[in-house]
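Undergrad: Supplied in structure tokens, the structure appears directly below.
Computed from the coordinates by the stated procedures, all read-outs in this text should not be read as laboratory data. Everything numeric in this text was worked out from a predicted model, so none of it was measured. FYI the Cβ positions are ideal-geometry reconstructions off the backbone, even for glycines, and counts take in every protein chain you see.
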Amino acid sequence: MNRIVAVIASLLVLLLSSSIPAVSQENAEKKQTADADKDDKFLKDPSKLWVDLSVLMFLGWGYRTGFNYTGASDGFNDSEFKTWGKVPRWGIDDSQFPTLLGFQPLNYSYKNNNTFQLERAYITIKKRIGEVFSAKITTDIDQNSRDFLYLKYGFVQFLKEFSTDLGPITLKAQLGKIATPVVGITDNLNDLRWLGPNYINNTKILLNGSSFDNSADLGGMVSLSLLKLVTMEYSITNGEGVKSDHNETYAGKSHTLLVSVNPGDFLKELYVNFYGRWENTNKNKIVTDAAGVPTKYQGTDERNYIGCGAAWHSDLIKAGVNIFLPVMYFSKTIYVTPITGYSPRHKDNFLLIDSWLNFNLGAVVPTAPVLLVGRCAWGREKKSLFSNGRQAHETILLGGGVGYQFSEYFRMVLYYEAIRYHVDYTLHDSTRKDPTPNNSVYIKTEVKF
């Protein structure tokens, strides 16, 4: 009897022990299925706070010497156009003869010639809100203002791809604070935004303080991509730029057109682009005094450009060049009271060339991701009787560096940049010379996660 009881007890223990793993596995599978159903529910329900969050920072160290022109007022000329010009050759302003005045080199960078920098800190949130709609918000910092956080991008997007017998057709539209088409495609093609803005975005340092485009603006954009061959984009925006959302300073709007040819099925690395931007910056403005009496009448001002470019974009080499022909129109101006005067309508012509090289050895030798980068830009403000007194301004920028791609989230480069300034006077003046060339050394880093 005891033996029978012992055998039955052994069988029960063996059966129980064999069933526990099966029950545990079944419970785990049920839990995994429930979690998957829960995740799928969250993905399908746009009201749930499940978003794509990313961070991108550009930071480093810089050392500058020489004339550091940023497009701002030079301290000696506070006029509306903020020009720069030649300086006394021997540090003495002998144009004020017989009084000879000491004269500092124009805007020589005594300040901030050795500084750490946090240039950009983007925090981006993306969210799908259906099959074809999504939203994106990106915040940024202003390094020229203390603790100034602002909205860089904030828009809703429609994206739909249609299949045809000839190939796909993609329609995209954005509404809100959007990236401008020309600046956006240039930054994407050169992948050098972490070193600094491209030079249609930063024309003011090359074209004597004149700006012609913004990195972001408030408005709308529509894009049509045909058969993986050509993309056409059109945007209409306020024109004032990223920091002027609801405080428009003029009535005009900015219109930008981009046509990008990229034969994806044949030579997907090649891009040939055509650009155009047209903007009215003032609409028939009448200035009055405190009593409401008109003192000045001003017509329509404009800033426009057309251009073209070619680029090669691959994991190993990113190289390209853009050529722009910017034009700035200054309207007819009539001064009524208390000053009587007249300024005819005139224009200021420019020429801008922006080129780049970005070489990543890690694309072919993963164990040695060495970076070689270079930039060359040249800008000229042509002679104009009314805009600059027939004085052409030329600026050439050369930069190059070597770095290392530590991972897909972190890269660093040691970068040298030289900027040369030249004024082409109508009459030669041996007592004056061009501003001191700017020579800068940087350590630039990009961190993202």
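Undergrad: Based on Cβ point charges of +1 for Lys and Arg and -1 for Asp and Glu, what charge dipole magnitude is obtained for the range 51-448 about its Cα centre, in debye rounded to the nearest 20?
TA: 240 debye
Undergrad: Take every Cα pair under 8 Å in the range 51-448 that's 6+ residues apart, average their separations, divide by the length, and report that relative contact order as a whole percent.
TA: Once normalised by length, the contact order is 14 percent.
Undergrad: For the range 51-448, rounded, prolate or oblate, judged on the Cα gyration tensor with a ≥ b ≥ c (square roots of eigenvalues), a/c < 1.5 rounded, else prolate if a/b > b/c?
TA: Oblate is the answer for the range 51-448, as a/c is 1.5 or above yet b/c matches or exceeds a/b.
Undergrad: ³J(HN,Hα) across the range 175-192 via Karplus (A = 6.51, B = -1.76, C = 1.60, θ = phi - 60°), whole Hz, x for Gly/Pro?
TA: 9, x, 8, 10, 6, 6, x, 6, 5, x, 5, 5, 5, 5, 6, 8, 6, 10
Undergrad: Okay, next question. Going by average Cβ neighbours within 10 Å, how do the peptides 207-219, 345-357, 414-426 rank, with the highest at the top?
TA: Sorting 207-219, 345-357, 414-426 by mean packing, highest first, produces 207-219, 345-357, 414-426.
Undergrad: Oh, and also: Give LYS318/LYS347; LYS204/LYS228; LYS268/LYS448 a once-over and call out the pairs whose C-alpha atoms are over 29 Å from each other.
TA: LYS318/LYS347; LYS204/LYS228
Undergrad: Calculate one ³J(HN,Hα) per residue across the range 116-129 by plugging θ = phi - 60° into the Karplus curve 6.51 cos²θ - 1.76 cosθ + 1.60, and present them in order as whole Hz with x for glycine and proline.
TA: 8, 9, 10, 7, 9, 9, 8, 10, 10, 10, 10, 8, 7, 10
Undergrad: So, one more: For GLU161 and TYR297, FRET efficiency with R0 = 41 Å and r from the beta-carbon atoms, rounded to 0.05?
TA: 0.20
Undergrad: In addition: Can you work out the FRET efficiency for the pair GLU131 and GLU408, with r the C-beta to C-beta distance and R0 = 22 Å, to the nearest 0.05?
TA: According to the calculation, E is roughly 0.15.
Undergrad: Sticking with this structure for a sec: Starting with the fewest neighbours, write out VAL441, VAL287 ranked by other beta-carbon atoms found within 10 Å of each beta-carbon.
TA: VAL287, VAL441
Undergrad: If you rank LEU257, LEU189 by fewest surrounding Cβ atoms within 10 Å, what's the result?
TA: The most exposed by this proxy come first: LEU257, LEU189.
Undergrad: Which FRET efficiency value, to the nearest 0.05, do you get for LYS285 and ILE306 by plugging their Cβ-Cβ distance into 1/(1 + (r/R0)^6) with R0 = 30 Å?
TA: E(calc), rounded to 0.05, equals 0.70.
Undergrad: Put a dot 7 Å past each Cα toward the Cβ at PHE148 and CYS376; how far apart are the dots in nm?
TA: Those two pseudo-labels are separated by 3.5 nm.
Undergrad: Which pairs in the list LYS172/LYS243; LYS243/LYS296; LYS382/LYS433 are over 22 Å apart, alpha-carbon to alpha-carbon?
TA: LYS172/LYS243; LYS243/LYS296, as the Cα separations exceed 22 Å there.
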